[in-house]
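*Asks:* Below you will find the structure I want to go over with you.
The values are calculated or read from the model by the stated rules, or taken from the named source; none is laboratory data. Not measured: the values here are computed from a predicted model. Here Cβ is always computed from backbone atoms with ideal geometry, including for glycine, and neighbour counts include all displayed protein chains.
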Amino acid sequence: MFQKLVNFWVQSFVTERLLASKTFNAVAAKTHQHVSTITSKGQQTSNTFMKAFKENLEKERLNAKK
């Protein structure tokens, strides 16, 4: 029980210190920006791939009918 209490206090202290840190907030903001950019680029690539894949499937389907 004592260990849980100490753990809670330490976590609370660390969390409060990180929240108050300008450096931590700047790093978190940059990380969020990078992750958002990468996600957006990945989504665009995925959409392009899926479009090309569907077009190729349609071509193959039409060629198979001949």
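*Asks:* Only one of ALA26, ALA64 is modelled with pLDDT of 95 or more and out of contact with any strand residue (DSSP E or B) (no Cβ under 7 Å at 6 or more places or on another chain). Can you tell me which?
*Replies:* Exactly one of ALA26, ALA64 is modelled with pLDDT of 95 or more and out of contact with any strand residue (DSSP E or B) (no Cβ under 7 Å at 6 or more places or on another chain), namely ALA26.
*Asks:* Do we have ALA64 as part of a helix (DSSP H, G or I), loosely packed, with under 10 Cβ neighbours inside 10 Å and hydrophobic (A, V, I, L, M, F, W, C) here?
*Replies:* yes
*Asks:* On the basis of being part of a helix (DSSP H, G or I) and surrounded by 10 or more Cβ atoms within 10 Å (Cβ to Cβ), does ALA28 make the cut?
*Replies:* Considered against the rule, which asks whether it is part of a helix (DSSP H, G or I) and surrounded by 10 or more Cβ atoms within 10 Å (Cβ to Cβ), ALA28 comes out as yes.
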